[in-house]
Amino acid sequence: QVQLVESGGGLVQAGGSLTLSCAASGIIFRINSMAWYRQAPGKQRELVAAITSGASTAYADSVKGRFTISMANAGKTVYLQMSSLKPEDTAVYYCYVVDLRTGHWGQGTLVNVSE
């Protein structure tokens, strides 16, 4: 079983920056991809950014140019560097890791961007 521990969320003013991290541990076979999703109050969970084991990345249009996803620790840690934050980025951010063909969710970390 894969355990995911997220950190880095918090309160930040608009225009500021935050970096989220997610560390995977436990019984890991082969991580194929890691991603960040977010869910704002009253909205559906949406994909923010993803990275494959080959370092290919993808971003939601709303965060392109502002957010950067990266991987470290032999693919067991994923980061999301967020800059130029906007109030509409306020959400609970979830880490999602695919180990072989099984997906695992983190517990979520709140990012709150004030005006």
Using the Cα atoms of the stretch 1-100, I'd like the radius of gyration and the largest Cα-Cα distance, Dmax, both in angstrom.
13.2, 40
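Can you send over the carbon and sulfur percentage of the accessible area for the chain, probe radius 1.4 Å, protein chains only? Walk me through the intermediate numbers first.
On the way: 3020 of 6100 Å².
Carbon and sulfur together cover 50 percent of it.
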List the lysines whose Cα sits under 18 Å from the Cα of K64, skipping any in the same chain fewer than 8 residues away.
K86
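If packing is taken as the average count of other Cβ atoms within 10 Å, what order do 91-99, 5-13 fall into, highest mean first? Numbers along the way, then the final one.
On the way: 91-99: 21.1, 5-13: 14.7.
The most tightly packed comes first, giving 91-99, 5-13.
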Suppose all protein chains stay in the model; what accessible area per residue would a 1.4 Å probe give for the chain, in Å²?
53 Å²
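Add +1 for every Lys or Arg and -1 for every Asp or Glu among the other residues with Cβ under 15 Å from the Cβ of C95, and state the total.
Details: positive: R38, R45, K76; negative: E6, E46, D99.
Taking every Cβ under 15 Å from that of C95, the sum is 0.
Among bridges DSSP assigns within the chain, what percent are antiparallel (round to 5)?
On the way: 42 of 46 bridges.
Of those bridges, close to 90 percent are antiparallel.
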P(r) over all Cα-Cα pairs of the stretch 5-57, 10 Å bins from 0 to the longest distance, whole percent per bin, short to long, reads 17, 44, 32, 7
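The values are calculated or read from the model by the stated rules, or taken from the named source; none is laboratory data. What you are looking at is a predicted structure, and each value in this text was computed from that prediction instead of being measured. As a convention, Cβ positions derive from the backbone with ideal geometry for all residues, glycine included, and neighbour counts pool all protein chains shown. All accessible areas refer to the heavy atoms of the entire protein, side chains included, with ligands and DNA or RNA removed. Shrake-Rupley method; radii C 1.70, N 1.55, O 1.52, S 1.80 Å.
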